[in-house]
Amino acid sequence: MRNFEFPDPATIEWHDGTDYDGGAEIVAVTLKRARILMSLDEGIDIDVTYRIDEKQFAKLTSYLTRIFDGLIRFEA
């Protein structure tokens, strides 16, 4: 989650299926062609894989660059 009105850090929250279960600050993001890795300040790592075409990947890269300004790293 990112609030552009205030300079708060990017965060992520999760739900246990019934209720809010936790959240943390995102401290590092690595974007690859078919994968995104996020490290959280709570010592948790999130690893997500996906399949999208080149046009969608370009849009994703642009969007995430704005969201994670200064936190994102790109790898092949």
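Cα convex hull of the chain: how many Å³ per residue?
112
Given H placed on each backbone N at 1.01 Å, which residues far from residue 10 in sequence or on other chains put an amide H within less than 5 Å of it?
Amide H to amide H, under 5 Å and 5 or more residues apart or across chains, residue 10 pairs with 26.
If you fit an axis through the alpha-carbon atoms of helix 54-67 and take the longest principal axis of the Cα set of the chain, what angle between them do you get, 0 to 90°, nearest 10?
In the chain, helix 54-67 runs at an angle near 40 degrees to the longest axis.
Which of 14, 24, 63 sits farthest toward the positive end of the charge dipole of the chain, with +1 on the Cβ of Lys and Arg and -1 on the Cβ of Asp and Glu?
So the residue we want is 63.
Ordered by residue, what ³J(HN,Hα) values in Hz, to whole numbers, does segment 12-25 give under the Karplus form 6.51 cos²θ - 1.76 cosθ + 1.60, where θ = phi - 60° and Gly and Pro are x?
Coupling constants for segment 12-25: 9, 10, 9, 10, 8, x, 10, 8, 4, 10, x, x, 6, 7 Hz.
Quick note: the coordinates plus some simple rules give every number you see, no bench work behind them. All values derive from a computational prediction rather than experimental measurement. Backbone-built Cβ (ideal geometry, glycine too); neighbour counts: all protein chains shown.
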